[in-house]
There are 2 protein chains.
Amino acid sequence: MSVADRKAREKEALKMLILKGAKKLFIEKGIEQTTIRNIADEIDYSVGTVYVYFKDKNAILHDLHSIGFQELGGYFKELFSIEDPMERLRKMGFIYIKFALENQEMYDLMFNLKAPIEFLTNCDNEDWDEGATTFGALKETVHQCIQKEHFKGHTLEPLTFMIWSLVHGMCCLEIRQRTKGVKFTNPDTILYDGYNEFLKIIDRL
Amino acid sequence: MSVADRKAREKEALKMLILKGAKKLFIEKGIEQTTIRNIADEIDYSVGTVYVYFKDKNAILHDLHSIGFQELGGYFKELFSIEDPMERLRKMGFIYIKFALENQEMYDLMFNLKAPIEFLTNCDNEDWDEGATTFGALKETVHQCIQKEHFKGHTLEPLTFMIWSLVHGMCCLEIRQRTKGVKFTNPDTILYDGYNEFLKIIDRL
DNA sequence: TTTTATTTTTGAACAACGTTCATTTTTTTA
DNA sequence: TAAAAAAATGAACGTTGTTCAAAAATAAAA
């Protein structure tokens, strides 16, 4: 019994080692530039071993995308202590942007790359649980704002989606380099400047 | 003299033929799933010929991204006749979303894929003219709104960027399939529903 | 027209990729 | 210590983007 247990633990450990190596290389040189051979080299195993623990590259990317959501959850932790939902909403956006800028490759993987969603589709999995949960957290905060008489005349779900899109859009444009070359007056702070315009608006709602 | 002219015209024609074939396949089966060999087959030329007319795959993607901006310009044409800048701003967003939904692969290429920007970087080109021009058009409309006493207390460039991000974010989430699996009540109309929430807000500003 | 020069097109060949799987090595069990 | 099971291996396969010497087609010169 204990042998099987240890084996299971070792299997899990090696799986994590692969993911850790993959993440390191992804951050170092980009996801597209990282090959399975690179990952195998990084952790001193052969290519074949990687394929014993992961069906394909999409499976690695999906698991790493899930880890990304855990890390985003870590960033969000400090929000729990904020009572006022409007205050929490404001801060949530800032943290979201901060996470995206500090973890660009992971953010790309979580919200932009096709691989994690393709993996789910291949597994006949209709739902994107990580996304649904995170969106649910934002929706709950917006819901509380509405209960406190904010956002009069608005509909919860579309409003929440609009807010998500607003911050996501900024992060996306930045990470995919669409803010470079557009000749902003203040390119370095445009994300936070843009978000502040949003804050100015909702302060009045 | 006329021979050289004809040759130049033929060169241009073949270049366009390659782009046309590439675009067809991109729309049919996706950009990532389309190979140079596919493109060559499509237009009954060999692989080598494609490389005579384009430095690499990024060059094709960049030229096609420029064509995409021309097409977006076509969608935007009807905006010129709208006098009221607020009305024009509202409609601009709708058309932007419409373009994105009706030309998903092209939109992805224009605003998401790294290839066109990588191409510019490789050519030591700092500027992304197509993006800057389109952003400029939006900025001009927002500027006229401000002149008509709308958006009091807001700063032009960050506000414009925020609006762009809002619609881009929605299109991006949709195209990259992040709206599927999140269990929206009305997944089919969420983009327009979300944008309508934005319209409700700016109607009061 | 025939020959030479130039331009255009070709597709085999290369390195690198994701992926597979028969074989080898290691570990567990008898 | 020997047999069985599990884990790890890396050569090999099909595809990819890309290159480039050779071939084919066209233009210029004779």
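The alpha carbon convex hull volume per residue for the range A:68-120 rounds to 82 Å³. Per residue, the accessible area of the range A:1-54 comes to 68 Å² when a 1.4 Å probe rolls over the protein heavy atoms. Taken one residue at a time, the phi angles of the range A:14-19 give Karplus couplings (6.51, -1.76, 1.60, θ = phi - 60°) of 5, 4, 5, 4, 4, 4 Hz. Gly and Pro are set to x. Computed over chain A, relative contact order equals 18 percent, with contacts defined as Cα pairs under 8 Å that lie 6+ residues apart.
A Cβ-based charge dipole, computed about the Cα centre of the range A:22-115 with Lys and Arg at +1 and Asp and Glu at -1, lands at about 160 debye. Label-to-label distances for B:Asn186 across copies, nearest first, come out at 3.8 nm, using points 7 Å from Cα in the beta-carbon direction.
Three semi-axes describe the equivalent ellipsoid of the range A:56-202; taken as square roots of 5 times the Cα gyration tensor eigenvalues and ordered largest first, they are 26, 21, 14 Å.
Measuring from the axis that maps chain B onto chain A, the chain B residue with the nearest beta carbon and its rounded distance in angstrom come out as B:Gly169, 1.
Here the spin labels are modelled as points 7 Å beyond Cα on the Cα-Cβ line, and at A:Thr121 and B:Lys183 they lie 2.2 nm apart. Modelled label positions at A:Lys77 and B:Lys15, each set 7 Å beyond Cα in the direction of Cβ, lie 5.6 nm from each other.
With its label point put 7 Å out from Cα toward Cβ, A:Asn38 sits 2.4 nm from the same residue's point in the other copies, in order from shortest. In the range B:176-204, comparing the full protein assembly with the chain on its own, the residues that lose 30 Å² or more of accessible surface at a 1.4 Å probe are B:Arg176, B:Gln177, B:Arg178, B:Gly181, B:Val182, B:Lys183, B:Phe184, B:Ile190, B:Glu197, B:Lys200, B:Ile201, B:Arg204.
Each residue of the range A:25-39 was assigned a 3J(HN,Hα) from its phi angle through the Karplus curve 6.51 cos²θ - 1.76 cosθ + 1.60 (θ = phi - 60°); the sequence is 5, 4, 5, 5, 10, x, 5, 5, 8, 9, 9, 4, 4, 4, 5 Hz, with glycine and proline shown as x.
Accessible area buried by the pairing of A and B, both sides summed with a 1.4 Å probe, works out to roughly 4800 Å².
Pairs from the list B:Lys23/B:Lys57; B:Lys77/B:Lys98; A:Lys114/B:Lys114; A:Lys77/A:Lys200; A:Lys15/A:Lys57 with a Cα-Cα gap above 19 Å: A:Lys77/A:Lys200. What the phi angles of the range A:144-158 give under the Karplus curve with 6.51, -1.76 and 1.60, with θ = phi - 60°, is a coupling list of 5, 4, 4, 4, 8, 6, 8, 6, 4, x, 9, 9, 3, 5, x Hz, glycine and proline written as x.
With the label put 7 angstrom out from Cα along the Cα-to-Cβ vector, A:Ile27 ends up 4.3 nm from the copy partners, going from closest to farthest.
Subtracting the Cα-Cα distance of B:Val3 and B:Gln70 from 0.36 nm times their residue separation leaves 21.1 nm of extension gain. Electrostatic tally near A:Leu14: other residues with Cβ closer than 12 Å to its Cβ, Lys and Arg +1, Asp and Glu -1, net +2. Accessible surface ranking for A:Thr121, B:Thr34, B:Thr189, B:Thr49, 1.4 angstrom probe, highest first: A:Thr121, B:Thr189, B:Thr49, B:Thr34.
Here's the picture: charge each Lys and Arg Cβ at +1 and each Asp and Glu Cβ at -1 in the protein assembly as shown, and of B:Thr134, A:Asn125, A:Leu79 the one pushed furthest to the positive end of that dipole is A:Asn125. A Förster distance of 56 Å, applied to the separation of the beta-carbon atoms of A:Lys148 and A:Lys24, puts the FRET efficiency at 0.80.
The values are calculated or read from the model by the stated rules, or taken from the named source; none is laboratory data. Here the structure is a predicted model, which means the values were calculated and not measured. Please note: Cβ atoms are built from the backbone with ideal geometry, for glycine as well, and neighbour counts cover all protein chains shown. Note: accessible area is taken over every heavy atom of the protein model, side chains too, but ligands, DNA and RNA are not part of it. Shrake-Rupley method; radii C 1.70, N 1.55, O 1.52, S 1.80 Å.
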